[in-house]
Each structure stands twice: as C-alpha cells, then as structure tokens.
RNA sequence: GGGCGCUUAGCUCAGUUGGUUAGAGCGUGUGACUUACAUUCACAAGGUCAGGGGUUCAAGCCCUCUAGCGCCCACCA
C-alpha cells in the first residue's frame, strides 16, 4: 500500500501542510482552565526584517517548545508580532526617498509618516511570511504591531505613569549622537569597537610666556576647538604649581585655565588633559564641577558650527586633518603615537557616534532595577545557560539612566506638550491626548514634543502589552507571566532586562520564568553571519534546496554554543529526513494489517516478545524518557542527537533489518508500526512537516499530528536485561562482519561460524537468536558448541563469554592471524593490568563506592576470561 | 581595565552529579546496485582531551597557574 516516493521531497509537502494546519486553526490558543498554560512571546522581528539564520535558529527553538508543550497537554500559545523598529525603518524609507531626490524634511512630518505606513503595509509582512515558511506555529490572528493604536496607548500610559512617579526627566546631557541618523542613541545602541587610532600630543602655550607649553594628549584633536580648560591631577607634582595659570587655546586663541580635578590620571598621556565639556562625558562632569563654559562646536550632522572659527562647515574628520596640519605648521604638534581605543558606533548604520550635548528625555533606572535584581537573585527567573545570570546582574547593578528620546519621526511621539505662550520651558503638559489648553495660562497655542520614543521603550512592554494591558482580560490573567523567553545574548540588555523591569513595575510580576539564550550564528571562519559581511547563508535558500525540516534539524543539532555553519552542514538534516521518510515507506509498504492496532495490548505483552522486539521497545522508551528530560533542560541538541541515534542506528540499522525476513508476521507489522508512529510523534516538534506528512499516511483518521500527544513514557517497557542481551547479539554480528572485512570475504559469500561457550545462558541466548545472527552476518551455518577445538584453517574472535571460529580454508594467513590475536591480547592485558592495580589498591577498596568496586571486579573477571580464550586460540594456531 | 566563553580525531562538535577501554557527524580508506533509503549499507584507520601544578582511591570533568583564540562590558583623554 505504499504511496510514498522513494525520496522525501519537501517542496511537495511543506506549503500544503502549513495551509492544512492553518485551515484547521491548530495554532490557536486561548485561556482554558482545564489545561496548564504555556506561553512564549516572540521576540518581535523588525518590520524591515528579512529572515536570516539567527531568526531561523531563534524561531525554530520557540517552535519546538510550543509544539512539544502542546503535545504534552498544555494550552500552548505563541504570541506573534512585529516591531516598528524606529531608526531602521525610517532609514529604509529615507533611502527610498533619496532615490527620488527627496528628504523627509521635503515631505514634512505628516506626509513622511504616511509614506512610512504605506511602506509598512506593503512590505511589513515579509518577515511574517518567512516565519511561516519555517513552520512557526504562531497564533497569527493575534499578531501585534508595536505601533497599533492600543499598543501606542499602552506606551503613552507607561510614559505618563513613569513621569508622574518622577522617574522620567528631561535635561541637557552628553548622549551618544549618530550624525548620520541624526538622533540620540542610548548607551546600548552605541556599540564599541576597537579601532587603531592615534594619540596626538598638542602644545598649549602659556598666556604669559608663549614659548612655554603644557602638552595635552587627545584622540580627537578636533574637539580642542571647544576646550574651556586643561585639567591636571591635584596631586601631580609636575603641575601642582601651575594650577590656576592661564593658557591660550591654540587656533581659537582663547584663554583657558589650568584646573585641578582628581579624575585625571597622572599616568596617562602627559598627565594634563584638555577639557571639552560639550563633547566628552568625562569633561562634561568636570565642566559642571568647575562651572566651565560649554562650547558646542558641532551641528547635528557632525559638521563644525560657528563656534569652530575658520573650521566652520567642515566635517568632523575633515576638520581633524585640517587642525593637525595647522598645528604642525605652527609647531604645536609635539608628537603622534599609535593608540588603540574603543569607539562607539551606531548600531543601525555603523557610523561613529559623537558624544554630543543635547536636551533629551531620560528614565531613572536605579529604582526600576532593584526589584528586577531581586527576582533573578531569588531564582524566580532563571537564565539558561546559567552564566548569563551574572551578565544580567552585573549590568543591572551598574545601570545608567536610559535616554529614551529620538529625533526621528517614526515611532511613538512623546506625549508631552509645551505652551507656546507661557514662555516657561519647565511648563510641561503630559497627557494621553492632545490637551485643549494650557492649564496655567489657558493658551491654546500648544506644541507637542517633536521627539519620539526609543523603539525599545515600546518593546519592553511586549509580554503584557500584546495582551492589551492595561485592559484586564482572561487571556492576560491566564497566560501572564509567560513561560520562557528565547533570544540571543546581545538582546539581554536591550530587551530582556528591560522587560523584567517593566513587568515588575507595571504588572508587579515577572514577565517570564525562564530565559533561554542561544548562540550566535557564525560562518565557518567564526565571523558573525551578516548581510553586510556578505557571508550569510540565506535560510530560504536552504529551505529551497534541503527543506525546512532539514534546516531546522541541522541548526538545532549544531546549537548549544555559537554555531559555525556552512552549507554542507545542512546535509545532516536532509539525510535524516530522507531516512525517516524511507523507514516510513518501508513500514507502510509492508503493513497489511491496518486493523492490527487493536491487537496491540496482546503484542505488547513483554513475555511474548522476542529479544529484538523487547530491545527496540526498551530503546524507544529510554529515548522518549531522555528526550523529555533534554527538552525540559533546554538541551535541544541533545534531544536531537538522541532521536537521530535511536531512529537511524537502532531502529533502522538493526531492528528493521532484523525483522525484514519476518515482515509478513502480523505482530511484527504492528510493532514496527507502533515504534514508527511513536518516533514520528516524538520527532514532530523538531521536524514538523515531514512528520505531519507521514502521520497522514499512518493515521489519517486521527486528524493532525499536532493534536496527538507525545508518547507516554511506559517505564515497564524499559528492559535493561534485554538491552544487554541484545548487545551480545549485536557485538557478535559486528565481530563476524569485521572478520569478513579483515579477510576480504565478499559480503554475499556465505560463511560458517562455530560458536564455543561453556556459559549456558549465552549459549541459549544465541541459539534463540540464531536466525537473526545468520541473516545479519550472512552465515550459512551457525553451530553452537560447549567445547570444541579450533577448527582447522579458521580465524577466531571473542565476544562476551563466547569464542567463535570462522573456517576459511585457503584464505587464511597463519602469521597475520597470530599477529592479530596477539595484539588483541596485548590490548586487553593492558587494560586488565590497570584494572587489577586498582583492585589491589586498599584505598580504592575502602573509599570507592561498593557498586563501583563490584563492577570493576566483574570487569576484571570478564577480561581475564576473554584473554584466556584468546590465548587458547593462539595456542591452537599452529 | 574588568567579566565570560572556548581549546577533545584531519574538520565541526557532544561528553550530565568525577567512576569501564573518551563518543558522534563530516571527511578519509576498503568493500557493496545485498535495497525502504547510494541523501544508502558494512568495516576500518585516526585522540599523550592546549600546557604546567594541585585535590582525589579515581580527573576530559574539580582547584590553580600559563599560553592561544573569541565574545561582552567599561569615560583612561
């Protein structure tokens, strides 16, 4: 009754299967008091997102858990959504505009926003379609967007709450400024990269004696135009008596004072540091302490402004060169040395960011951090792998205030209005909706804050805002706190930590109990895979060539640490899928008794089963048990290894081969059917498409595989005795095959094998499984003797307590055989020597646990027996 | 400057709480159209577990030092 092609073809099945799931509404979940909830909120991909390997890994992991938990009886919800990704999206649309020769300013805020929405409506679903290609079992009708109306209201609500609590403030500070995106960034959004830079030593002459100097060292000479002091350490003897003296800032010819401040490190550079309060966070603090002037020399696009004198209009790096040239001309550049230092880069466009003085909005983080530190320390939220706990805590304990305002137009506009008539900059009106008038002067001339909020200021609300909080709902009560959050390491600060803080602040509860941090996807050289590096493997290409299940399986089996991927690595998954397919094909081909299922209980009576069947069932249930445990501990690669090993190397390589010649036996058919269908169910969370396709052939009447349960663990089927007995059979077959290969006996040429064992148990066991052994090792005649001399012209081996001989008239080379056996003896004697030394050691005997000692003794006896048998063989070899 | 991770077969990696003779996949070699699957099957070769020191009856695993690689954080201009 086979209907299966000889090869698995993912293209024939995947879209059809996915549609089938969707039509049957199998991804939907809702509050169900009869079941336990399991919920994952998706890390919302950017609306500009295009599926990359990181997404593929991240979402496969989530999908595995969602499907697994559903099949484990949970009400399993995967909440999907998309992030508006302020800067990234605005950049995309601005690039589009640039092609038309326009800027966003040309359009104006309103028109530009219309354009952004148009873009979103046209392209914003791309990533969702791609997630569907991956097989993601998200409850799609719930899909949320961080700029949906409800969601935006939640964001405003939260802003107002924090403002009223005194946790939001506005002020002029040094922030990270991206001159290309022309917006402020948070500390996390400025990524530090080590650059090979230079340290320039510049002479600042004394006002009173232009021939004498103080030399300062700087990496950014252009900022000297904004210097308003030179600072030295008060304890520095070299400069002590110069404190208070006046220098002339070269180029600007401005008098500046030498001041003393203890932050100056006397060991760095010359021990004298130029102070630029408007362009360096350190200097900003010094400036405040010493009431210095704050001279901003830059425009938002990093070109120098009117405060830069003759350098006005130059770009910052152009100015750097010009300034150095001029200093050199004037003989004020003492020297230049190489200097490696970390420089911040915009995480969206990779432009070097500028420390820039500007008025921004901030959230005070320390009060929010405290409860979030506690819940992790108390273990209410657990990180896996656990080492990330420390990373989280370290960041939380040193948390800085969060700059949340962005000078872009795509995002949640800050719900703040200023009265244009009050002329009081501190008169801030914070409100959900546009206020009608100024509460102080009743003027209607109000203006909303231009800035929008950091994208992460909306995504930190994700675990409850997606459920329409602050509205109460059954779903929110049922699914919150969610179960586990799965993400990449670099997202811990951006998102995970902040979600925990938001959860504790607004819901007074943790947002999730587990955080699983997966590795980074790298190429085979270890570089992070990215489009800009051109080293990315496109998951959709892999899906196209190998299939989605192959992509998923290969990714997960390589996960655990960082993943080093190359295209060839996806062959594992493809080959395994094909193996599953063909094993199923074989089973279905031979399954005549479809009704046989009803006889299952009878078949399952252990005492009625042959050894191999007891063995495969024991292996199956052991695997089920271990896979369950692996998933519960987030050891996904371990789970896949277990499944791979069991299905391929135990079920296919041994069991199916063993039963092939008895395939007409009804009970055998039932057994292979049952082992297969249980394996398919257990495999489903990992390889959803192929398992559904096969399931539809195995049990079409039952609906989708997604509605089935993970096979129930039946401990009584785990049979260690059967496993060790079967091992003897396997070892014997392998040993005979080895001899065939060793002596170049063609695979099809039948041979005779004589077993010799005084151990009646082994003898009986092997006799009972004679047929299997003969078949698998292609043996014509297998005879079992209690005592027999080595047959003439035979080679020998020892397995367990059994010797065996293979007569090979004419083929045997006595010397070769002698050497082979001798080296076997030597090998074993070596092991025995170590073992016996241990067993003679009084310390070992007294201190090691009894069972260890006992098993070592047992081993010693077995080895001795084996060596004796081998020695006997060699003796007879004459 | 702190913190973390990695170093195990030619390559990529597993290796639970310390307990046999350290495993897998790929690659390599040999053989096979034996077929549910050549995206297959059988067999094999290949490792002083980065190095030193320590704890222990027992160390790939625990402690310590060293070296190399990688990542993260940090205001040394």
Inset, instruction - Look through A:683, A:676 and report the one residue that is within 12 Å of RNA strand B (Cβ to nearest atom), surrounded by 15 or more Cβ atoms within 10 Å (Cβ to Cβ), under 30 Å from residue A:29 (Cβ atoms) and modelled with pLDDT of 90 or more. - result: A:676
Inset, instruction - Look at the range A:383-412 and say how many of its residues are touching a strand residue (DSSP E or B) at 6+ places or on another chain (Cβ under 8 Å) and in contact (Cβ under 8 Å) with a residue 40 or more places away in the chain. - result: 16
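Does residue A:510 count as surrounded by 23 or more Cβ atoms within 10 Å (Cβ to Cβ), in contact with a helix residue (DSSP H, G or I) (Cβ under 6 Å, 6 or more places away or on another chain), on the phi < 0 side of the Ramachandran plot and outside any helix (DSSP H, G or I)?
Details: surrounded by 23 or more Cβ atoms within 10 Å (Cβ to Cβ): no; in contact with a helix residue (DSSP H, G or I) (Cβ under 6 Å, 6 or more places away or on another chain): yes; on the phi < 0 side of the Ramachandran plot: yes; outside any helix (DSSP H, G or I): yes.
Criteria not met by residue A:510.
Residues are listed down the side, and each one gets a yes or a no for (1) more than 37 Å from the chain's Cα centre (by Cα); (2) free of Cβ contacts under 8 Å to residues at least 12 places away in the same chain:
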| residue | (1), (2) |
| --- | --- |
| A:197 | no, no |
| A:209 | yes, yes |
| A:220 | yes, no |
| A:223 | yes, no |
| A:226 | yes, no |
| A:231 | yes, no |
| A:236 | yes, no |
Legend entry - Number of the condition not met by residue A:281 [criteria: (1) buried (at least 17 other Cβ atoms within 10 Å of the Cβ); (2) near RNA strand B (Cβ under 7 Å from one of its atoms); (3) modelled with pLDDT of 90 or more]: (1)
Legend entry - Selection from the range A:772-830 of residues that are under 51 Å from the mean Cα position of the chain (by Cα), over 18 Å from residue A:757 (Cα atoms) and without any contact (Cβ under 8 Å) to a residue 24 or more places away in the chain: A:823, A:826, A:827, A:830
Legend entry - Of residues in the range A:296-329 being over 44 Å from the mean Cα position of the chain (by Cα) and crowded, with 21+ Cβ neighbours inside 10 Å, the one nearest to RNA strand B (Cβ to nearest atom): A:323
Inset, instruction - Only residues in the range A:312-331 that are free of Cβ contacts under 8 Å to residues at least 24 places away in the same chain count as the first member; pair them with residues that are loosely packed, with under 13 Cβ neighbours inside 10 Å, Cβ under 7 angstrom, at least 6 apart or cross-chain, and list the lot. - result: A:312/A:306
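Can you confirm whether residue A:510 is over 18 Å from the mean Cα position of the chain (by Cα), away from RNA strand B (no atom under 14 Å from the Cβ) and touching a residue at least 40 places away in the same chain (Cβ under 8 Å)?
Working: over 18 Å from the mean Cα position of the chain (by Cα): yes; away from RNA strand B (no atom under 14 Å from the Cβ): yes; touching a residue at least 40 places away in the same chain (Cβ under 8 Å): yes.
For residue A:510, the condition - over 18 Å from the mean Cα position of the chain (by Cα), away from RNA strand B (no atom under 14 Å from the Cβ) and touching a residue at least 40 places away in the same chain (Cβ under 8 Å) - is met.
Residue under question is residue A:860, and the condition is that it be under 19 Å from residue A:800 (Cβ atoms) and near RNA strand B (Cβ under 10 Å from one of its atoms); does it hold? If you could, list the steps in order and put the result at the bottom.
Details: under 19 Å from residue A:800 (Cβ atoms): yes; near RNA strand B (Cβ under 10 Å from one of its atoms): yes.
Yes.
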Inset, instruction - Looking only at the range A:840-856, decide whether some residue is more than 16 Å from RNA strand B (Cβ to nearest atom), farther than 23 Å from residue A:763 by Cα and either in contact with a helix residue (DSSP H, G or I) (Cβ under 7 Å, 6 or more places away or on another chain) or in contact (Cβ under 8 Å) with a residue 40 or more places away in the chain (or both). - result: no
Legend entry - Among the candidates A:548, A:482, A:520, residue that is touching a helix residue (DSSP H, G or I) at 6+ places or on another chain (Cβ under 8 Å), within 15 Å of RNA strand B (Cβ to nearest atom) and within 26 Å of residue A:186 (Cβ to Cβ): A:520
Inset, instruction - Return yes or no: is residue A:669 away from RNA strand B (no atom under 11 Å from the Cβ), out of contact with any strand residue (DSSP E or B) (no Cβ under 9 Å at 6 or more places or on another chain), part of a helix (DSSP H, G or I) and at pLDDT below 95? - result: yes
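So if I check each of A:465, A:488, A:497, which one is modelled with pLDDT of 95 or more and within 12 Å of RNA strand B (Cβ to nearest atom)? Quick ask: steps written out before the conclusion?
Details: A:465 fails: within 12 Å of RNA strand B (Cβ to nearest atom); A:488 fails: modelled with pLDDT of 95 or more.
From the options A:465, A:488, A:497, the qualifying one is A:497.
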Inset, instruction - State whether one or more residues within the range A:440-449 are modelled with pLDDT under 90 and within 15 Å of RNA strand B (Cβ to nearest atom). - result: no
Inset, instruction - Can you confirm whether the range A:702-709 contains a residue that is touching a residue at least 24 places away in the same chain (Cβ under 8 Å), surrounded by 19 or more Cβ atoms within 10 Å (Cβ to Cβ), more than 19 Å from residue A:621 (Cα to Cα) and within 15 Å of RNA strand B (Cβ to nearest atom)? - result: no
Legend entry - Some residue of the range A:742-765 being near RNA strand B (Cβ under 9 Å from one of its atoms), assigned to a helix (DSSP H, G or I) and surrounded by fewer than 18 Cβ atoms within 10 Å (Cβ to Cβ): yes
Legend entry - Given (1) surrounded by 21 or more Cβ atoms within 10 Å (Cβ to Cβ); (2) away from RNA strand B (no atom under 11 Å from the Cβ); (3) closer than 24 Å to residue A:495 by Cβ, index of the condition residue A:530 fails: (1)
Legend entry - Flag for residue A:566 being touching a strand residue (DSSP E or B) at 6+ places or on another chain (Cβ under 8 Å) and within 15 Å of RNA strand B (Cβ to nearest atom): yes
Legend entry - Those residues of the range A:236-263 which are within 15 Å of residue A:204 (Cβ to Cβ) and near RNA strand B (Cβ under 9 Å from one of its atoms), in sequence order: none
Inset, instruction - May I ask you to say which residue of A:351, A:336 is surrounded by fewer than 18 Cβ atoms within 10 Å (Cβ to Cβ), within 16 Å of RNA strand B (Cβ to nearest atom) and in contact (Cβ under 8 Å) with a residue 60 or more places away in the chain? - result: A:336
Inset, instruction - With a cut-off of at least 1 residues that are touching a residue at least 40 places away in the same chain (Cβ under 8 Å) and farther than 21 Å from residue A:156 by Cα, name the strands (runs of 3 or more DSSP E) lying wholly within the range A:428-501. - result: A:482-487
Inset, instruction - Please find, among A:17, A:40, the residue that is in a helix (DSSP H, G or I), in contact (Cβ under 8 Å) with a residue 40 or more places away in the chain and surrounded by 12 or more Cβ atoms within 10 Å (Cβ to Cβ). - result: A:17
Inset, instruction - For the range A:161-184, name all the residues that are more than 12 Å from RNA strand B (Cβ to nearest atom), touching a helix residue (DSSP H, G or I) at 6+ places or on another chain (Cβ under 8 Å) and closer than 11 Å to residue A:360 by Cα. - result: A:168, A:173, A:183
Legend entry - Where residue A:252 falls short, out of the listed (1) surrounded by 15 or more Cβ atoms within 10 Å (Cβ to Cβ); (2) closer than 30 Å to residue A:399 by Cα: (2)
Inset, instruction - Check residue A:810 against each of (1) assigned to a helix (DSSP H, G or I); (2) more than 10 Å from RNA strand B (Cβ to nearest atom); (3) more than 24 Å from residue A:733 (Cβ to Cβ) and name the one condition it does not meet. - result: (1)
Inset, instruction - Tell me which residues, restricted to the range A:573-589, are under 18 Å from residue A:650 (Cβ atoms) and free of Cβ contacts under 8 Å to residues at least 40 places away in the same chain. - result: A:575
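The values are calculated or read from the model by the stated rules, or taken from the named source; none is laboratory data. Since the model is a prediction, treat every value here as computed from it, not as a measurement. Counting neighbours? That spans all protein chains shown, and the Cβs are built from the backbone with ideal geometry, glycine included.
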